[in-house]
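Below is one structure, written out as structure tokens; comments come after it.
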Amino acid sequence: MNPSVRSARQAATSAINGAKSHGPKTSEGKATSSLNSVRYGFSASHLLLPGEDPDAYEKFVSEWFTSFSPSTMPEATSVAQLADTSWKLERLSRVENGRMRARLEEELEKTDEGKTYDSTRMALAMMTAFVESVEVIPTPPKDADRTSAFLSGVEKTVTVLREVPGLPMVVVEPLAFALKMAEENKETERIPPAIYENLGNMARVVKGALTMKLAEEEAVLGPVRERLAAEVLLLEDADLRKLEKARRILEGTMQRQFAIFHQLRAELANTKTENTPEAQALRVKLRLVK
């Protein structure tokens with residue numbers, strides 16, 4: 001199904017309102033107008049946002065039709081509207097959860113534990129890149145410029161490691177000593193292979209120590225996250241306020257749609273009908289693909 005699926009209500013009203021529309025006239029203007037609310041997609045005419053699976057939407061709507069089994073076109077239209085609104089509510093929940101997690105991480109980064117964790121994580125990323133480069137290129141650089149650049153990079157890495165909170169210097173100093181040996185014993189253009197290999201070995205030791213340190217700090221962050229979780233709920237956040245407003249609107253819409261559906265079903269119960277079409281047949285008739 002094309003991602004630009006529209007709801008049954010929109011399909012029904014588009015023909016009626018088309019003649020009265022005074023909106024954009026150009027194709028570019030129409031495209032822009034139709035995507036005005038596409039940021040979260042709670043009121044956009046394009047029901048599916050980029051990245052959402054049309055097949056998942058089709059399955060979602062079909063489950064509503066299976067559950068409510070509409071037997072008339074008005075009932076089927078009502079079920080389609082309910083499914084559309086429910087789809088938007090589920091999307092809203094995902095967006096809310098994502099925003100809450102983002103706010104939590106923002107607050108976590110301000111704590112001492114979060115700062116230490118970030119410092120260790122960045123140092124580990126540097127050491128991982130260093131070790132991988134030595135493994136990919138197991139021999140020393142072959143000219144003076146590359147040798148100089150390589151040693152300069154190692155020196156910057158050692159400087160960063162010495163500033164990592166809680167990292168024992170006994171872990172860092174062997175790498176620093178290997179760097180010193182490389183600088184003192186380099187030939188005109190190349191680091192002696194044995195010293196180059198030793199640099200790689202010391203880098204692996206530091207990487208292992210940082211990996212263990214990061215795991216320990218991740219465990220420490222657990223209780224901090226729990227403490228901050230309740231506090232984050234009280235933080236002022238413009239996006240969260242907008243999402244809360246959107247939820248109230250969608251939930252109100254869904255309540256009205258349920259009322260209409262139950263009214264239609266009650267009216268149908270008082271009316272004798274024959275040869276009513278199957279629910280999925282009505283589902284197909286309501287499908288609209290641009």
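The values are calculated or read from the model by the stated rules, or taken from the named source; none is laboratory data. As the structure is a computational prediction, the values presented were derived from the model and not from experiment. Here the Cβ is made from the backbone with ideal geometry for all residues, glycine too, and neighbour counts use every protein chain on show. In case anyone asks, the SASA skips ligands and DNA or RNA and just uses the protein heavy atoms, side chains included. Shrake-Rupley method; radii C 1.70, N 1.55, O 1.52, S 1.80 Å.
Of note:
- Only protein atoms count toward the accessible area here, which uses a 1.4 Å probe; on segment 112-234, the carbon and sulfur part of that area reaches 59 percent.
- Per-residue packing, averaged as other Cβ atoms within 10 Å, sorts the ranges 173-182, 250-259 into the order 173-182, 250-259, beginning with the highest.
- Sparse packing (at most 14 other Cβ atoms within 10 Å of the Cβ) combined with a DSSP loop state is found for the following GluC sites (Glu not before Pro) in segment 122-204: Glu163, Glu187, Glu189.
- Accessible surface of segment 53-110 [probe 1.4 Å, protein heavy atoms]: carbon and sulfur percent: 52 percent
- For the cross-link pairs Lys115/Lys242; Lys115/Lys213; Lys88/Lys110; Lys180/Lys213; Lys115/Lys156, the ones whose C-alpha atoms lie over 24 Å apart are Lys115/Lys242; Lys88/Lys110; Lys180/Lys213.
- Two-decimal Rg to Rh for segment 104-260 - Kirkwood Rh, Cα set: 1.29
- Å² of accessible area per residue within segment 113-270, as computed with a 1.4 Å probe and no ligands counted: 60 Å²
- Calculated log₁₀ intensity ratio I(q)/I(0) where the Debye formula runs over C-alpha points of segment 53-110, q = 0.15 Å⁻¹: -0.56
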